[in-house]
Amino acid sequence: MGYDPDFLAAPVDPPRAHVTGDLLDYTHFSLELDPGRRLAAWVAWNVDGDRLHPGESIPRSGTRFRADPRVPEDHQTLDPVYADNRLDRGHVARRADLLWGPLDEALRANSDSFFFPNITPQMDDFNQERLGGSWGMLEAAILSEDGLRPRRLSLFGGPVLADDDPPYRDLVRIPREHWKVVVYRLDGALRFRCFLLTQQVDPGLRGAVGYLDEFDTWALPLTDLEARTGLVFPGLTGASGDDVGDARATADRPVDAMPAPGPLLVRNARDVEW
């Protein structure tokens, strides 16, 4: 039950937020709910790639989004935020990631994924195409690596809860950015990669987002991610992952043309050196 920090045969603790929130365990994932922002500060989940059920074998139809009765409703972002607009109820821990193990366990995970603490407001074109596609592309790439045995991942993700996120309906501030950390063991070594994706909330509320453009996916160093999110990742101490700007030569990117370490625009999963 909940995120297992020992899933990769080495302890990988979840992030720490600067604000103490509601800690909640679900089937295959856990999260910390920021009561002031009414959204998850972070979500942590495990993926057993050798025991995943195909997403279409466990339908999502008929499963409703709902408040978690264990915490006050005013700590959660609920249906009134999503009524009569282009905002989708976007999963943080992807439903498809959680559908592993015995069938009854996978069914519980499917249902748990629809609790509102695991949901963030996402523009429809961001959620329905770009987010699932980009995140799924990266996870599929690492799960296919020959040195990944067993085929297991631990993941952290969530919205970037920035102070200048635009307010909406006096109920929530809409995050412009979402982040994910993929943790894995490749050829016996514990490794991780950090990613960031932005959404354009509304033409009247654009604001500057630095090196990010609409719906671009970036790999970035852990120090950049910590600075952007205000989170600390103690579980990644000793793991390899801060060489984002190194060792990324491809047919289209010779060694002498590679940039210095820093954010890397990910156009294809092959851009990432796992």
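Please give the peptides 107-115, 34-42, 5-13, 141-149 ranked by average Cβ packing (other Cβ atoms within 10 Å per residue), highest first, as a rough proxy for protection.
34-42, 107-115, 5-13, 141-149
Determine the gain in length on full extension of the stretch T63-A269; use 0.36 nm per residue of separation and subtract their C-alpha separation, reporting nm with one decimal.
Extra length from T63 to A269 when fully extended: 71.0 nm.
Please report, in debye to the nearest 20, how large the charge dipole of segment 131-192 is about its Cα centre when each Lys and Arg carries +1 at its beta carbon and each Asp and Glu carries -1 there. Spell out each step's value before the answer.
Numbers: 9 positive and 9 negative charges, 62 e Å.
Once rounded to the nearest 20, the dipole reads 300 debye.
For R70 paired with A141, estimate the spin-label separation in nm (one decimal), with each label point 7 Å from Cα along the Cα-to-Cβ line.
With each label point 7 Å from Cα toward Cβ, the separation is 3.4 nm.
Near A83, within a Cβ-to-Cβ distance under 13 Å, what is the net charge of the other residues, with Lys and Arg +1 and Asp and Glu -1?
0
For H178, H28, H53, H18, what ranking results if the residue with the fewest other Cβ atoms within 10 Å of its Cβ goes first?
Working: H178 24, H28 28, H53 19, H18 10.
Going from least to most buried by this count: H18, H53, H178, H28.
Calculate the radius of gyration of the Cα atoms of segment 1-122 to one decimal place, then report Dmax, the largest Cα-Cα distance, as a whole number, both in Å.
14.4, 46
If you take every residue apart from D22 with its C-beta less than 10 Å away from the C-beta of D22, what net charge results, scoring Lys and Arg +1 and Asp and Glu -1? Kindly include the intermediate steps, with their values, before the conclusion.
Values: positive: R70; negative: E32, D34, D68.
Cβ neighbours under 10 Å give a net charge of -2.
According to a simple spin-label model (label point 7 Å from Cα along Cα-to-Cβ), what is the distance in nm between E56 and D187?
3.7
With θ taken as phi - 60° and the coefficients 6.51, -1.76 and 1.60, list the Karplus ³J(HN,Hα) couplings across segment 140-153 in order, rounded to whole Hz; mark glycine and proline as x.
With the stated coefficients, segment 140-153 comes to 4, 5, 6, 5, 8, 5, 4, x, 8, 9, x, 7, 10, 9 Hz.
A short reminder: the numbers here are calculations on the coordinates, not readings from a lab. Quick caveat, the model's predicted, so the values are computed rather than measured. Positions of Cβ are generated from backbone atoms using ideal geometry, with glycine treated the same way; all protein chains shown enter the neighbour counts.
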